[in-house]
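Heads up, the thing below is written out as structure tokens.
The values are calculated or read from the model by the stated rules, or taken from the named source; none is laboratory data. Everything numeric in this text was worked out from a predicted model, so none of it was measured. Backbone-built Cβ (ideal geometry, glycine too); neighbour counts: all protein chains shown. With ligands, DNA and RNA removed, areas are computed over all heavy atoms of the protein, side chains included. Shrake-Rupley method; radii C 1.70, N 1.55, O 1.52, S 1.80 Å.
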6 protein chains.
Amino acid sequence: MIFLTRKETFSAAHKLYREDWTQSKNEEVFGKCANPNWHGHNYELYVTVKGEPDPATSFVMNLSTLSDIIKENAVNRLDHMNINIDVDFMKGKIATTENLIVAIWQQIEPPIRAKKCILHCIRIQETEKNYLEYFGP
Amino acid sequence: MIFLTRKETFSAAHKLYREDWTQSKNEEVFGKCANPNWHGHNYELYVTVKGEPDPATSFVMNLSTLSDIIKENAVNRLDHMNINIDVDFMKGKIATTENLIVAIWQQIEPPIRAKKCILHCIRIQETEKNYLEYFGP
Amino acid sequence: MIFLTRKETFSAAHKLYREDWTQSKNEEVFGKCANPNWHGHNYELYVTVKGEPDPATSFVMNLSTLSDIIKENAVNRLDHMNINIDVDFMKGKIATTENLIVAIWQQIEPPIRAKKCILHCIRIQETEKNYLEYFGP
Amino acid sequence: MIFLTRKETFSAAHKLYREDWTQSKNEEVFGKCANPNWHGHNYELYVTVKGEPDPATSFVMNLSTLSDIIKENAVNRLDHMNINIDVDFMKGKIATTENLIVAIWQQIEPPIRAKKCILHCIRIQETEKNYLEYFGP
Amino acid sequence: MIFLTRKETFSAAHKLYREDWTQSKNEEVFGKCANPNWHGHNYELYVTVKGEPDPATSFVMNLSTLSDIIKENAVNRLDHMNINIDVDFMKGKIATTENLIVAIWQQIEPPIRAKKCILHCIRIQETEKNYLEYFGP
Amino acid sequence: MIFLTRKETFSAAHKLYREDWTQSKNEEVFGKCANPNWHGHNYELYVTVKGEPDPATSFVMNLSTLSDIIKENAVNRLDHMNINIDVDFMKGKIATTENLIVAIWQQIEPPIRAKKCILHCIRIQETEKNYLEYFGP
């Protein structure tokens with residue numbers, strides 16, 4: 001079993017808030033991330049798949065196939081977007097990286113599985129000091 | 001003469017557009033950066049001052065003084081903000097990094113000069129692939 | 001289950017030696033790290049906690065709470081210090097990163113648990129070529 | 001149990017192709033990596049060993065011993081080499097990173113075991129966007 | 001005057017040798033870089049242009065225009081290539097980074113000038129320990 | 001004229017203080033850097049030389065010659081040392097990076113000149129947030 005990781009990046013705006021909370025309650029909980037006028041980040045997205053190398057190619061997965069899946073199903077729908085407004089798979093959710101990482105898993109796991117590979121882990125680096133990892137449900 | 005550089009960071013939202021242009025004209029010129037719902041970045045701000053070391057301390061400038069000037073006059077007014085809406089010194093300007101770098105120079109040059117130091121250069125890294133440098137008017 | 005990692009940094013001096021060994025024995029085992037006049041590093045400290053997101057906020061843990069715990073219990077007691085002399089939780093121990101990582105676990109695990117979170121891993125990067133990871137006793 | 005990782009680097013040429021395939025078949029499968037005139041990379045090699053710290057030194061493993069094993073058994077045989085032509089332990093294999101990571105495991109695992117340590121993981125970063133991990137057979 | 005830098009990357013094979021020298025003379029001068037079977041690198045290419053911001057857009061230069069010029073005239077002709085064999089603008093030259101940086105200047109300076117911009121500097125990072133800069137003839 | 005930069009690293013201990021000042025005066029001016037028990041850093045040292053490429057090799061300077069000069073005259077005398085105590089060329093000076101960068105210039109400029117090259121710039125990165133540059137007297 002070998003683990004293959006591909007990094008892609010996107011830049012997006014968001015804010016952390018709940019519509020059913022007042023602005024002051026949102027600021028109390030989410031701090032400066034609750035700025036109603038939005039802020040943003042350069043996100044780094046690392047996707048790890050695992051598998052036995054294909055006997056014909058010795059590839060776990062073709063990197064351009066993996067990159068295409070990540071771009072079509074996640075990065076192109078997030079890059080230069082507002083996560084709260086523009087991203088259909090984040091509708092109705094707080095725009096935390098926790099919710100984002102689970103939603104990205106749901107988008108990219110089926111097409112990776114369709115290629116006979118196994119999605120192992122997603123990592124999102126939001127700033128140089130913080131990152132999240134998710135290994136699936 | 002020795003050159004001292006301090007790095008600080010901020011995360012902000014912005015969009016590139018001119019109010020006197022249509023949305024389609026803005027998108028033609030500014031591409032996906034014209035998304036009306038904003039996007040954002042982790043900005044890295046490098047400030048370089050120059051001078052002869054102080055004979056008493058051998059410092060060009062005390063680093064905590066320099067860091068305080070950058071934070072009070074620039075970073076704290078930009079971090080987790082919307083550059084188009086929230087930042088008084090960017091009002092009425094297109095929110096390009098070119099305009100931002102000149103505006104930050106105008107904010108931090110006087111307090112650096114007041115400390116008998118010389119601002120030499122500002123560098124802003126917007127993404128890992130792009131940065132701007134400005135050496136003053 | 002989602003894994004959240006926070007990076008903090010500190011700069012410190014240390015040397016590797018055992019008081020019950022001669023200097024030449026220390027140098028034979030620890031090489032240039034046994035220099036009696038000390039040397040030092042910029043340490044990068046990565047702390048990973050894990051948990052289910054809080055239904056109210058979708059946070060695994062509030063990042064500023066996690067950062068405060070790491071600073072109060074570890075970074076502020078190590079930064080610009082001598083690990084052999086100044087750090088109470090390293091007293092009587094060889095100042096290796098192995099001993100440091102276990103000692104930091106003992107300092108920060110109780111306050112993280114008190115916040116209903118689970119400490120999963122500590123990583124210390126001593127130089128760009130070496131790092132250690134510890135997943136607890 | 002503590003995990004210790006050492007990073008070493010090497011620069012090498014390779015191409016991806018099977019001798020029993022035509023050039024056009026190789027290009028269809030391996031894309032631009034099948035260029036018959038070779039291309040190359042700066043590879044980053046991370047080797048992770050695990051163990052209980054030695055009671056006498058509190059080291060999991062002496063870093064210079066680990067570095068020497070990696071250099072003698074892998075890096076010195078790969079650095080400034082052609083992976084397809086010059087590297088005996090890659091003879092007859094497609095020069096993918098998947099095959100390389102397994103072959104490096106076979107080279108460095110026995111000498112690490114001879115030092116009473118356990119090889120846990122090898123990671124090879126081929127470009128800033130791709131890396132592989134292998135935890136052994 | 002503002003300076004704008006764009007980073008692009010390419011991976012390539014090369015060797016350092018002169019055809020009018022023996023292999024042993026080449027190895028004496030160029031060391032392991034003279035391996036007749038080639039080696040390779042991930043090259044980072046930084047291109048800096050300078051100018052007054054355009055009054056209409058406040059751009060020094062449109063980043064996608066700059067990126068396209070670099071890719072069409074340099075990166076696409078170097079990526080996954082053998083610098084000694086495959087790259088027409090390096091024919092007959094020793095494949096040092098010194099010769100490469102001058103040749104890339106000659107390729108990208110005219111199209112940048114055609115866009116009314118000024119090429120200021122090219123930087124090539126060959127490994128994490130070495131880089132070259134060239135400011136033109 | 002082409003500019004060639006080589007990066008080397010060293011880890012060292014130091015403190016900032018003047019012997020003719022009281023400890024409280026030292027702490028007032030130098031803050032936590034005045035800790036009498038020392039602290040330390042991983043220093044990154046970048047040395048830039050400039051020149052016309054040699055017609056025979058097209059090298060500005062042979063990289064291994066440059067690396068040897070930096071190691072013999074600076075890095076080997078600083079690595080795993082105490083800058084205040086162990087380094088002869090820093091004796092009697094405050095151990096600021098300003099004094100260090102001028103002293104390193106004095107050590108490495110003569111041997112670089114002896115090789116018919118011109119030392120252009122030294123850069124020392126003390127932490128990821130601070131660096132100094134010096135272009136000579």
Residue check for residue E:67: on the phi > 0 side of the Ramachandran plot, open to solvent by less than 40 Å² (accessible area, probe 1.4 Å) and more than 10 Å from chain D (Cβ to nearest Cβ): no
Residue ID - most open to solvent (accessible area, probe 1.4 Å), chosen from residues in segment A:72-84 that are within 14 Å of chain B (Cβ to nearest Cβ) and of a type outside the set (A, V, I, L, M): A:76
Any hit, segment C:15-34, residues being over 30 Å from residue A:134 (Cα atoms), touching a residue at least 24 places away in the same chain (Cβ under 8 Å) and in contact with a strand residue (DSSP E or B) (Cβ under 8 Å, 6 or more places away or on another chain): yes
Tally of residues being touching a Gly at 6+ places or on another chain (Cβ under 9 Å) and under 22 Å from residue A:65 (Cβ atoms) across segment D:1-56: 4
Selection within segment F:1-43 - among the hydrophobic types (A, V, I, L, M, F, W, C) and more than 30 Å from residue E:99 (Cβ to Cβ): F:10, F:12, F:13, F:16, F:21, F:29, F:30, F:33, F:34, F:38
Within segment B:89-136, considering residues that are under 14 Å from residue E:53 (Cβ atoms) and without any contact (Cβ under 8 Å) to a residue 12 or more places away in the chain, the one nearest to the chain's Cα centre (by Cα): B:99
Members of segment B:43-73 that are over 17 Å from residue F:33 (Cα atoms), touching a residue at least 60 places away in the same chain (Cβ under 8 Å) and among the aliphatic types (A, V, I, L, M): B:45, B:47, B:49, B:70
All positions within segment B:85-124 that are open to solvent by 30 Å² or more (accessible area, probe 1.4 Å), within 14 Å of chain A (Cβ to nearest Cβ) and either touching a helix residue (DSSP H, G or I) at 6+ places or on another chain (Cβ under 9 Å) or under 19 Å from residue B:5 (Cα atoms) (or both): B:86, B:88
Positions within segment E:59-88 being more than 12 Å from the chain's Cα centre (by Cα) and among the hydrophobic types (A, V, I, L, M, F, W, C), in sequence order: E:59, E:60, E:61, E:63, E:66, E:69, E:81, E:85
Single residue of segment F:1-58 satisfying the filter (more than 9 Å from chain C (Cβ to nearest Cβ), aliphatic (A, V, I, L, M) and buried (at least 21 other Cβ atoms within 10 Å of the Cβ)) that is farthest from the chain's Cα centre (by Cα): F:2
